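Engineer: Quick one: the structure is below, and I'll ask about it shortly.
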Amino acid sequence: MNGSFTIPKFKLPAFVANLGHKLPQWPHTLTLVAGLNAALKMKLLPESELALLEDKLFRVRVLDTGGEASYTYANGLFRPVFRPQREPDLAFAANLSAYLQLLSRQEDPDTLFFNRELEITGDTELGLIVKNMLDAVEWPKFSARLPVFRH
Amino acid sequence: MTSLPDLVCPAGSLPALKAAVDNGADAVYLGFKNDTNARNFAGLNFDQKTMADGIRYAHAKGREVLLAINTFPQAGRVADWQKAVDAAVDQGVDAIILADIGLLDYARNRHLQQRLHLSVQGSATSYEAINFCQREFGIRRAVLPRVLTLAQVENVIKNTSVEIEVFGFGSLCVMNEGRCWLSSYACGESPNTVGACSPAKYVKWDKKPGAMETRLNGVLIDRFGDDEPAGYPTLCKGRFEVQGETYYALEEPTSLNVLEILPDIIKIGVRAIKVEGRQRSPTYVAQVTRTLRAALNSLHDGSERFHVKPAWQAELSKVSEGSQATLGAYNRPWR
C-alpha cells in the first residue's frame, strides 16, 4: 500500500445506518463471500488453518452503514447464511473506516481493538486464528486489483 | 560517534518479516509453530517453508534472522526442544535465542559454531549471571529483563564482554520474565508451560450495555466502559477489588517506549534494541520499525541534539497497549 494514500478514521451519519438496517443484506454478504472464495481460489489462505473454520458461523457487522453479513465455511468454500438460526461463533463489529484501514493494512487489529474501534465477540481462539490467517496472507498484488486500493 | 545498535524487530508471519526488513530492521526474530516459543498462538509463526523463505528474504537484504526457542522444556518432552534447536541450525538462522540452561548446554555441545543469545526469559539481570552463561555456553548476547534502571544496564555493560540487548518498544507485563505463573493461576497454562500467556481458548470478551467484560477461564479480569481503552486479557493488567477499592492492582495496560532516552541507551553501549510484538500484525511491525529506524538514523546524522519528533511519538502512542506509554524501569529513581 502506498504511504501517500491514507484512509482517515470516519463515521457515517446515523441516518445511513437507519437506512442500512432496512435494506436487504444479501448484496454485501454475497460480495464478501465471493471475495473470500476468490482468496481461496488463489490459494492465499493456508489449508491447515482453514480446516479449523469448518462449519463455524461468522458475522461481520458494519455499525455505521447498518450492514451485516453472516457466513460459514464448509466443504472447501465460504457460503452465505441469510437467516442465521443461532448466535455466531465469532462476530466482528466496527465502523466502515476501521474495516477499510484493516483491509488496506493501514492499521493493526490489536491497535483498533485497544482503541475500542473494533469489537470481537464469541470464540476468541477462532478470532485469533482468523486474524493470524489474514495477517499471514501476502496481499499486495491482490489488493492492488481492488478499486478501493487504486490511487 | 558510537555506532548505532541493531534494531531487532518481531515477526509472527512472513509478511511481518518482510515488513520489518523493508522498514529498516537490522534483524528479525521469529519462532516455530509450536510451544518451543513464548508466542505459541493459533495461526501464528513459521513452518519450515515460510521460515526458509523468510531467511532467504532477510539475508538477500543483508539482515539477520534470530530464532526464539524461549520456553522451558516440559517433563518427558525434552527431545522436542532439542529437535527445535537442531532444526534452527539446519535452517541457517544467524542466532538462536534460548532461555533454558539445559538447552543452552545442549546447543553448545551439539552445535559449537552456532551463535547463541540468552533470552529475556532466562531472567539474567546481573553481569555475574551473564558472564556465567558466556563461560559455560559461549553466549554472544544477552537480552536484559525490563526491570533494570539505565544506570544498572550501564553497570552490566561495563562488566561483561557479552553484547547487551534491551527492549525499546512494546507491551509491558509484570516483567517477572521466565518466572511468571499468573496465567496458570487462572487457567492452568502459562508462557513457561504452553508458550502462551492467557491462551485465547480461555479468553472471553463479553459485550454488556455500556461496557465490555474480559474473562479468563471465567475469572473476571476487567470491565471497560465504552470510551475506555482496552488491554490484553492478562491477570497482571486486570482491575481487582482490594480492600474495598477496585483498581489496577498490579499494573495498567501500557507499552514501553524509549524514544526519549534513545541517545542515553546508545551512549552506554547497548548493542541491540528489541521491539516486542510477534503477536501483532505486519502493519504494527511496519509502523514501529519505520519510526524507530527514523529516530536511530537521526542520531547517526551527527546532529548535536536529538529531538523526538511529535510524529514519531504519535505513531508509537497509537499502537500502544491501553494507548499509553512509559519509560518503564529505565528512569526509575529507586533500585
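Engineer: Run down A:67, A:76 and say which single residue is touching a residue at least 24 places away in the same chain (Cβ under 8 Å), more than 14 Å from chain B (Cβ to nearest Cβ), of a type in the set (Gly, Ala, Ser) and touching a Gly at 6+ places or on another chain (Cβ under 6 Å). Let's see the steps before the verdict.
Structural biologist: On the way: A:76 fails: touching a Gly at 6+ places or on another chain (Cβ under 6 Å).
A:67 is the lone residue from the list that is touching a residue at least 24 places away in the same chain (Cβ under 8 Å), more than 14 Å from chain B (Cβ to nearest Cβ), of a type in the set (Gly, Ala, Ser) and touching a Gly at 6+ places or on another chain (Cβ under 6 Å).
Engineer: Would you confirm whether or not region B:306-317 contains a residue that is more than 11 Å from chain A (Cβ to nearest Cβ), in contact with a Pro (Cβ under 9 Å, 6 or more places away or on another chain), surrounded by fewer than 19 Cβ atoms within 10 Å (Cβ to Cβ) and in a loop (DSSP other than H, G, I, E, B)?
Structural biologist: yes
Engineer: Would you mention how many residues in region B:84-123 are under 22 Å from residue B:273 (Cα atoms) and in a helix (DSSP H, G or I)?
Structural biologist: Selection size over region B:84-123: 3.
Engineer: Hey, any hits in region A:3-12 for a residue that's of a type in the set (Phe, Trp, Tyr) and under 17 Å from the mean Cα position of the chain (by Cα)? Talk me through it step by step, then tell me what you get.
Structural biologist: At the first step, the residues of region A:3-12 found to be of a type in the set (Phe, Trp, Tyr) are A:5, A:10.
Filter once more, so that each one left must be under 17 Å from the mean Cα position of the chain (by Cα): none.
Scanning region A:3-12 turns up no residue that is of a type in the set (Phe, Trp, Tyr) and under 17 Å from the mean Cα position of the chain (by Cα).
Engineer: Could I ask something else about it? Conditions: (1) modelled with pLDDT of 90 or more; (2) at negative phi. Residue A:75 meets all but one. Number of the miss?
Structural biologist: Just one mismatch for residue A:75, condition (2).
Engineer: Condition test on residue B:66, is it under 14 Å from residue B:278 (Cα atoms) and in contact (Cβ under 8 Å) with a residue 24 or more places away in the chain?
Structural biologist: yes
Engineer: To continue, here is another question. Give me the pairs: first residue in region B:39-50 and facing chain A (nearest Cβ under 9 Å) and under 18 Å from residue A:130 (Cα atoms), second residue crowded, with 22+ Cβ neighbours inside 10 Å and of a type in the set (Phe, Trp, Tyr), beta-carbon distance under 7 Å, and six or more apart or on different chains, which are they?
Structural biologist: B:45/B:32
Engineer: Show the residue pairs meeting these rules: Cβ distance below 6 Å; 6+ apart or different chains; first residue within region B:70-87 and assigned by TED's automatic domain parsing to the domain that holds residue B:99; second residue in a helix (DSSP H, G or I).
Structural biologist: What qualifies is B:70/B:121; B:72/B:192; B:73/B:81; B:81/B:103; B:82/B:106; B:85/B:107.
Engineer: Just to be sure, is residue B:122 within 24 Å of residue B:25 (Cβ to Cβ) and surrounded by fewer than 22 Cβ atoms within 10 Å (Cβ to Cβ)? Write out each step before concluding.
Structural biologist: Values: within 24 Å of residue B:25 (Cβ to Cβ): yes; surrounded by fewer than 22 Cβ atoms within 10 Å (Cβ to Cβ): no.
Considered against the rule, which asks whether it is within 24 Å of residue B:25 (Cβ to Cβ) and surrounded by fewer than 22 Cβ atoms within 10 Å (Cβ to Cβ), residue B:122 comes out as no.
Engineer: Just to verify a result, which residue in region A:24-60, among those that are in contact with a strand residue (DSSP E or B) (Cβ under 9 Å, 6 or more places away or on another chain) and hydroxyl-bearing (Ser, Thr, Tyr), is farthest from residue A:93 (Cα to Cα)?
Structural biologist: A:31
Engineer: Output the residue which, of all residues in region B:318-335 that are at pLDDT 85 or above, within 14 Å of chain A (Cβ to nearest Cβ) and in a helix (DSSP H, G or I), is nearest to residue B:147 (Cα to Cα).
Structural biologist: Here the residue is B:319.
Engineer: Pull out all pairs, ordered by first then second residue, where Cβ-Cβ is under 9 Å, the residues are six or more apart or on different chains, the first lies in region B:194-215 and is away from chain A (no Cβ under 11 Å) and at positive phi, and the second is surrounded by 19 or more Cβ atoms within 10 Å (Cβ to Cβ) and among the small types (Gly, Ala, Ser).
Structural biologist: Every condition considered, the pairs that remain are B:195/B:31; B:195/B:38.
Engineer: Confirm whether residue B:133 is crowded, with 18+ Cβ neighbours inside 10 Å, out of contact with any Lys or Arg (no Cβ under 9 Å at 6 or more places or on another chain) and in contact (Cβ under 8 Å) with a residue 24 or more places away in the chain.
Structural biologist: For residue B:133, the condition - crowded, with 18+ Cβ neighbours inside 10 Å, out of contact with any Lys or Arg (no Cβ under 9 Å at 6 or more places or on another chain) and in contact (Cβ under 8 Å) with a residue 24 or more places away in the chain - is met.
Engineer: With surrounded by fewer than 18 Cβ atoms within 10 Å (Cβ to Cβ), under 18 Å from residue A:7 (Cα atoms) and not hydroxyl-bearing (Ser, Thr, Tyr) as the only criterion, which of A:103, A:96, A:52 stands out?
Structural biologist: Values: A:103 fails: surrounded by fewer than 18 Cβ atoms within 10 Å (Cβ to Cβ); A:52 fails: under 18 Å from residue A:7 (Cα atoms).
So the residue among A:103, A:96, A:52 that is surrounded by fewer than 18 Cβ atoms within 10 Å (Cβ to Cβ), under 18 Å from residue A:7 (Cα atoms) and not hydroxyl-bearing (Ser, Thr, Tyr) is A:96.
Engineer: Please enumerate the residues belonging to region A:80-89 that are at pLDDT below 95 and either closer than 12 Å to residue A:32 by Cα or crowded, with 19+ Cβ neighbours inside 10 Å (or both).
Structural biologist: Result: A:80, A:81.
Engineer: Where residues in region B:174-198 are in contact with a strand residue (DSSP E or B) (Cβ under 8 Å, 6 or more places away or on another chain) and of a type in the set (Gly, Ala, Ser), which of them is farthest from residue B:44 (Cα to Cα)?
Structural biologist: B:186
Engineer: Further question: Give me the strands (runs of 3 or more DSSP E) completely within region B:146-231, filtered to those with at least 1 residues that are farther than 21 Å from residue B:250 by Cα, ordered by residue number.
Structural biologist: Where strands (runs of 3 or more DSSP E) fall fully within region B:146-231 and carry at least 1 residues being farther than 21 Å from residue B:250 by Cα, they are B:163-171, B:203-208, B:211-216.
Engineer: Here is a follow-up. For region B:216-228, which residues satisfy the criterion of being surrounded by fewer than 17 Cβ atoms within 10 Å (Cβ to Cβ) and within 11 Å of chain A (Cβ to nearest Cβ)?
Structural biologist: Listed by number, the residues that qualify are B:225, B:226, B:227, B:228.
Engineer: Let me ask another. How many residues does region B:234-256 contain that are surrounded by 23 or more Cβ atoms within 10 Å (Cβ to Cβ) and within 14 Å of chain A (Cβ to nearest Cβ)?
Structural biologist: Summing the residues that are surrounded by 23 or more Cβ atoms within 10 Å (Cβ to Cβ) and within 14 Å of chain A (Cβ to nearest Cβ) in region B:234-256 gives 4.
The values are calculated or read from the model by the stated rules, or taken from the named source; none is laboratory data. Model, not experiment: these values are computed from the prediction. Backbone-built Cβ (ideal geometry, glycine too); neighbour counts: all protein chains shown.
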